[in-house]
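Working notes for the structure below.
The values are calculated or read from the model by the stated rules, or taken from the named source; none is laboratory data. Owing to the predicted nature of the structure, the values given are computational and were not obtained by experimental measurement. Positions of Cβ are generated from backbone atoms using ideal geometry, with glycine treated the same way; all protein chains shown enter the neighbour counts.
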Amino acid sequence: MPHLTLADGTTIHGVSFGSATPVSGEVVFNTGMVGYPESFTDPSYKGQILVLTYPIVGNYGVPAPDADASLAGVSASDGSVLPQTFESGRIQISGLIVDYYSEEYSHCTAVQSLAAWLKKEGIPALQGVDTRALTKKLRETGVMLGKIDFDDMDGTGPTGGGGAGGSSVAAGDDAQASAQGTQKGRSTAQGGPVAIDDPNLRNLVAEVSTKSIVTYTPAAGAGMQADAGIEKSSGGSGAHGGPRILLYDCGVKNNIIRSFLVRGASVIRVPWDFDPKQNEAKLLADGGGIAYDGVFISNGPGDPKQCVATIEAIRWHLSQDKPLFGICLGNQLLALAAGGDTYKLKYGHRGQNQPCILEGTPRCVITSQNHGFAVNTKTLSKDWEALFVNANDATNEGIRHTSKPFFSVQFHPEAYPGPVDTAYLFDDFLSRCVQKAGNPADAGPIVSLGGFALKAGRRSS
């Protein structure tokens, strides 16, 4: 019968509603209520088996990968489009664990069920699992490795009593008894039982990053986002006078690219191991005499220390004094490039309601997050300081240089899913790019975010 096996021997039975494909991965949990199409396609989930704490999933189906209407007129050098609801071109999670899957769905944009989508993409999923008990275990012991296996062909073998959907949940001392009682048979047509392995030992970023350079040009007149009252960023070297951003794709979410394009910025999307020094001449030629106005380091999966090439590239950019902005993995990579260190969190931050405080101010924002590693600010030199701090556990949520235009955040200001409390960070970054382009000698730091002045000397423990 279908089951999730954790590295400590705990076996949790469930009912399959996805692909009957055995997988291994890191078992993590997400506390968000909605936004599963966006979350499942987030490249930061590469190699992970995702547990949803919200008890029901699938009730609004899955939309078509239609082009985002707000990006009408945008052109990409490879002819690609950015779908409105998906954050990449495929489902990125390795597997899915939920309490209850709704077979009936209804939404004006839905074209298929969640189960159909999962099966089409080869992603296994189990329902009928006590996800509250599983999440509590992961919170207490920390995220752990695990695997989803199948002992019968149709994924609907006998289940024990208790739990939604008639699942049986074995934890603690009951794990061994459950494992001994599990029928050991042939797995599925998609493959036999899998071994538990650690995806963080792989360079997951290399697996999700673009393999070629792609340039995105904003639509004529882009730069006004009506719902936020954001004025056009102009004065840079990109199309229509907007800034031109060199974006390192470490597993970038589509909405990050959208967030630049709707503000009138052009984007040069490069692979994670792009060598800026070696390719500077090409960028200069393509940019009409100016390579780029700012550098962006994206989100992505896995251990940041695997991204040696990206770290070296960032170090080179730090010597050039052009504005640099990082999100999520980009925060960790910037810290490593600056000589700091990172560490693995016990169970990470994955959800849409993480409160963060802008250091030195009374401002608290609610953020969307998806990460399992964090920056140790104690390892940073005196030229760097904490920018945001998590109000729940006091972990670092951003850093900035005290005298140069370099900063990053651990959370996702672009949301999708989640709140857009910090979308202004894109505006502040692009404004700084425009200022620098207009005055190349101006290499000062980011001095305000969202209208709040930043003061030096706010080093956080």
Quick check on region 286-294. Is at least one of its residues surrounded by 24 or more Cβ atoms within 10 Å (Cβ to Cβ) and over 14 Å from Ile213 (Cβ atoms)? yes
Filtering strands (runs of 3 or more DSSP E) wholly in region 211-294 for at least 2 residues that are at pLDDT 95 or above and within 23 Å of the chain's Cα centre (by Cα) gives 244-249, 266-271
Would you be able to say whether some residue in region 269-283 is buried (at least 19 other Cβ atoms within 10 Å of the Cβ), touching a His at 6+ places or on another chain (Cβ under 6 Å) and either within 18 Å of Ser408 (Cβ to Cβ) or touching a residue at least 60 places away in the same chain (Cβ under 8 Å) (or both)? no
In this structure, is Gly339 of a type outside the set (Asp, Glu), modelled with pLDDT under 95, surrounded by fewer than 21 Cβ atoms within 10 Å (Cβ to Cβ) and assigned to a loop (DSSP other than H, G, I, E, B)? no
Quick one: which strands (runs of 3 or more DSSP E) lie wholly within region 375-461 and hold at least 2 residues that are more than 21 Å from Arg263 (Cβ to Cβ) and not assigned by TED's automatic domain parsing to the domain that holds Met33? 384-390, 396-401
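Table: residues versus (1) buried (at least 19 other Cβ atoms within 10 Å of the Cβ); (2) of a type in the set (Asp, Glu); (3) within 21 Å of the chain's Cα centre (by Cα).
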position: Lys382; (1), (2), (3): no, no, no
position: Leu387; (1), (2), (3): yes, no, yes
position: Asp393; (1), (2), (3): no, yes, yes
position: Asn396; (1), (2), (3): yes, no, yes
position: Val434; (1), (2), (3): yes, no, no
Within region 315-331, considering residues that are of a type outside the set (Gly, Ala, Ser) and surrounded by fewer than 24 Cβ atoms within 10 Å (Cβ to Cβ), the one farthest from His401 (Cα to Cα): Trp316
Any idea how many residues of region 398-416 are crowded, with 21+ Cβ neighbours inside 10 Å and under 14 Å from the mean Cα position of the chain (by Cα)? 7
